[in-house]
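To keep things clear, I will list the structure first and then write my remarks on it.
The values are calculated or read from the model by the stated rules, or taken from the named source; none is laboratory data. It should be emphasised that the depicted structure is a prediction, and the values quoted were computed from it without experimental measurement. Please note: Cβ atoms are built from the backbone with ideal geometry, for glycine as well, and neighbour counts cover all protein chains shown.
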Amino acid sequence: MAKPRVAFHDFTSCEGCQLQVLNCEDEILGILAAVDIVNFREAIDEKSEDYDIAFIEGAITRDSDIPRLQEIRQRAKILVALGACACTGGLNVLKNFRGIEASMKTVYGEAAGWYETSAARPIDAVVKDDAKVHGCPIPTEEFLELVKSVLAGRTPQIPDYPVCVECKLRENVCLYHKGQYCMGVVARAGCKAWCPSYGGRCYACRGLISDPNNKAAKEILDEKGLTIQNVLDEFRLFNGVYDVAKE
Amino acid sequence: MLPKVLSKDRFADFVARLLGGGRVFAPVAKGPQFAFAEIAGPDEVSRIRMDYDISILPPKKLFMPQRETLLTFKDKGPEGVRAEVKSQPTAILGVHPYDLHAIATLDAAFSKGARDAYYLAKRGATTLIGLNVKAPANENQFAADMNAIDPPAGGYDLFLTDLGDRYYVEISTGAGEALADDDMFTPAGAGDHKGKRAYDAAKAAHFTRKLPYDTRYLPELLDVSYDSLIWEAAARRCFSCGTCTNVCPTCYCFDVLDKLSMDAHSGTRERIWDSCQLEGFAVVAGGENFREERPSRLRHRMFRKGKYIFERTGRTGCVGCGRCITHCVAKISILEAFQQIADQVGA
């Protein structure tokens, strides 16, 4: 059987998730033995439009992105959204709340009119994706889990429970016990609780679990003294695409 | 075996003696809280906090690690499968009575039916040095109600009680006897016995009972409360985050996952802690989830703690350590639930 041909494409993003792919240093040779990478501008010069699996990093923030994405969807047998920007729109969705014109002015000043833009959207708002690798950036383990699962023809094991699970498994002191707060109670695990383990707090960069108790999250954030605006900002940072961030 | 006395001047020697026999785990500070951690050598004795109130995770993590490789496999067929039952001599120093009770419950659960080789190998290689505790760590503890403020008979090798300048050392096993066979231990005298009695009397006074009924009625009270609205009320704030079960010293549910190597035909089979509170816990083949709703999951945990584990193992499923209450971000309380069900009869 011929090796599957893999392409990486990016839309609006920092390309940090593709860098994470290159960070899979111990496994890179294994990946290259199993697949042919035919399109990956962060790592190789060659470009081919003939591929089986497409990884898409980035959010859709211009109408002109849409036909490009649709063409990739048509070519690829399997399309994977890579990272927060592709999965939920990520930080890019913040501009939808600020007002697009105001954002353009902040970024481009007088030249704002030169550039095309639209509301930021995740990949699956435009085309169907077959899988998502969440996170800002993606955890390398989850990328590898997905690649191995595709090669073995099985469903990848992607957590659908709160970050609290992994945080407790590491025996971290809960941020709520330190007088701080955290989005881990509704955020999708899979990062091994990176941020709370190294002095940060969870921003829910991996999106929300499929059955988050958003009402209770708003209640406990309120009890921590956050204003309604603060609470909405917490949800909007990475998860503006969900209804809970809208009212 | 008669009790002995260990002078605190010799505590470092005692730890060194434990280190001579293998790995040593003891409570150490973790930020404002405590955790059982490995004491790598005699120079780390000062890290040990025998005055700790309670650890974040219970000692179960040392018999049933959060992640554990069960076997490795390669190619198809049984020839490529190798079980990875591993253990090394380990002493756990400073285990409070409620946690000793919990370990006894785990021992019973993992020995029943198909014996769990992974747990029992680690447990068998472990020396338990218990530590008496005079007062509850916080208002969430109700160990007296669960009959868990004194150590279980035979549930430790040595059991220490802090008498100020010395430890009163009770000995329960041959391993404990061998460990205490050294001149750092001296026979306990009348003053030592009296000191221990005074300690336990003070302890009984500090650990007040918080349930309005004797716990022998707990399973039946839960039975009649099965359809109570209290489960729904508590679950309103529940995040289904599994913290309560992860910090519980008697929760032992796990998931088993096959991790593939890049060649896609070799890999490892791993088990990780699972939780009945997670939405996917009770999903079966075909996609049916028989505990899909949060209240039914929350009730299931309370029933496991107050009824099912007892019925299954003959040992308590809850030792009243209060960890699940302390660490719940939503402040859901099993103690409150156990108090509320007293009024459910005929309601």
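For residues that are hydroxyl-bearing (Ser, Thr, Tyr) and within 14 Å of chain A (Cβ to nearest Cβ), scanning just the stretch B:208-253, find the one that is farthest from the chain's Cα centre (by Cα). Give the derivation first.
As a first pass, look at the stretch B:208-253 and keep what is hydroxyl-bearing (Ser, Thr, Tyr): B:208, B:213, B:215, B:217, B:225-226, B:228, B:240, B:243, B:245, B:250, B:252.
So of that shortlist, the ones also within 14 Å of chain A (Cβ to nearest Cβ) come out as B:240, B:243, B:245.
Values: B:SER240: 21, B:THR243: 14, B:THR245: 11 Å.
Filtering the stretch B:208-253 for residues that are hydroxyl-bearing (Ser, Thr, Tyr) and within 14 Å of chain A (Cβ to nearest Cβ), the one farthest from the chain's Cα centre (by Cα) comes out as B:SER240.
Are any of the residues in the stretch A:52-59 in contact with a Ser or Thr (Cβ under 9 Å, 6 or more places away or on another chain), farther than 17 Å from A:VAL150 by Cβ and part of a loop (DSSP other than H, G, I, E, B)?
yes
Can you work out which of the residues in the stretch B:269-317 that are of a type in the set (Gly, Ala, Ser) and surrounded by fewer than 17 Cβ atoms within 10 Å (Cβ to Cβ) is modelled with the lowest pLDDT?
Of the residues in the stretch B:269-317, the ones of a type in the set (Gly, Ala, Ser) are B:275, B:280, B:282, B:285-287, B:296, B:306, B:314, B:317.
Filter again for surrounded by fewer than 17 Cβ atoms within 10 Å (Cβ to Cβ), leaving B:280, B:282, B:285-287, B:296, B:314.
Working: B:GLY280: 93, B:ALA282: 93, B:ALA285: 91, B:GLY286: 93, B:GLY287: 91, B:SER296: 97, B:GLY314: 85.
So the residue we want is B:GLY314.
For the stretch A:27-75, how many residues meet the condition of being buried (at least 18 other Cβ atoms within 10 Å of the Cβ) and under 18 Å from A:PRO122 (Cα atoms)?
11
Looking at the stretch A:17-32, can you tell me whether even one residue there is in contact with a Ser or Thr (Cβ under 7 Å, 6 or more places away or on another chain) and away from chain B (no Cβ under 14 Å)?
Looking only at the stretch A:17-32, we keep the residues that are in contact with a Ser or Thr (Cβ under 7 Å, 6 or more places away or on another chain), and these are A:20, A:23-24.
Next, only the ones that are away from chain B (no Cβ under 14 Å) stay: A:20, A:23.
Within the stretch A:17-32, one or more residues are in contact with a Ser or Thr (Cβ under 7 Å, 6 or more places away or on another chain) and away from chain B (no Cβ under 14 Å).
Given the condition within 17 Å of the chain's Cα centre (by Cα), over 30 Å from B:SER7 (Cβ atoms) and surrounded by fewer than 21 Cβ atoms within 10 Å (Cβ to Cβ), answer yes or no: does some residue in the stretch B:98-108 qualify?
Scanning the stretch B:98-108 turns up at least one residue that is within 17 Å of the chain's Cα centre (by Cα), over 30 Å from B:SER7 (Cβ atoms) and surrounded by fewer than 21 Cβ atoms within 10 Å (Cβ to Cβ).
Determine which member of the set A:ILE44, A:ILE37, A:ILE66 is over 20 Å from A:LEU146 (Cβ atoms) and not in a helix (DSSP H, G or I). Lay out the reasoning, then the answer.
Values: A:ILE37 fails: over 20 Å from A:LEU146 (Cβ atoms); A:ILE66 fails: not in a helix (DSSP H, G or I).
Residue meeting the stated conditions: A:ILE44.
Check A:LEU221, A:LEU232, A:LEU208, A:LEU226 and return the single one that is within 18 Å of A:ILE123 (Cα to Cα) and not β-branched (Val, Ile, Thr). Steps first, please.
Numbers: A:LEU221 fails: within 18 Å of A:ILE123 (Cα to Cα); A:LEU232 fails: within 18 Å of A:ILE123 (Cα to Cα); A:LEU226 fails: within 18 Å of A:ILE123 (Cα to Cα).
Result of the check over A:LEU221, A:LEU232, A:LEU208, A:LEU226: A:LEU208.
What are the residues in the stretch A:197-206 that are surrounded by fewer than 24 Cβ atoms within 10 Å (Cβ to Cβ) and touching a Cys at 6+ places or on another chain (Cβ under 8 Å), if any?
Filtering the stretch A:197-206 for residues surrounded by fewer than 24 Cβ atoms within 10 Å (Cβ to Cβ) gives A:197-201, A:203.
Hits for the stretch A:197-206 are A:SER197, A:ARG201, A:TYR203.
I need every pair where a residue in the stretch B:61-72 that is within 14 Å of chain A (Cβ to nearest Cβ) has its Cβ under 6 Å from the Cβ of a residue that is not in a strand (DSSP E or B), sequence separation at least 6 or different chains.
Taking only residues 6 or more apart or on different chains, the pairs are B:MET64/B:TYR119; B:GLN66/A:LEU169.
Since B:ASP255 meets every condition but one in (1) part of a strand (DSSP E or B); (2) over 30 Å from A:ARG154 (Cβ atoms); (3) not β-branched (Val, Ile, Thr), which condition does it not meet?
It is condition (2) that B:ASP255 fails.
Identify, by number, the condition in (1) modelled with pLDDT of 95 or more; (2) out of contact with any helix residue (DSSP H, G or I) (no Cβ under 8 Å at 6 or more places or on another chain) that B:PRO249 doesn't meet.
With (1) modelled with pLDDT of 95 or more; (2) out of contact with any helix residue (DSSP H, G or I) (no Cβ under 8 Å at 6 or more places or on another chain) applied to B:PRO249, the lone miss is (2).
Out of all the residues in the stretch B:175-211, which are part of a helix (DSSP H, G or I), out of contact with any Asp or Glu (no Cβ under 7 Å at 6 or more places or on another chain), within 21 Å of B:GLY21 (Cβ to Cβ) and in contact (Cβ under 8 Å) with a residue 40 or more places away in the chain? Please lay out each step first, then the result.
Residues of the stretch B:175-211 that are part of a helix (DSSP H, G or I), as a first pass: B:175-179, B:190-206.
Keeping just the survivors that are out of contact with any Asp or Glu (no Cβ under 7 Å at 6 or more places or on another chain) gives B:177-178, B:190-206.
Retained after the next criterion (residues that are within 21 Å of B:GLY21 (Cβ to Cβ)): B:177-178.
Result: B:GLU177, single match.
Quick one: what pairs do we get from the stretch A:139-168, first residue within 24 Å of B:LYS61 (Cβ to Cβ), second of a type in the set (Lys, Arg), C-beta under 6 Å, 6+ apart or different chains?
A:GLU166/A:LYS192
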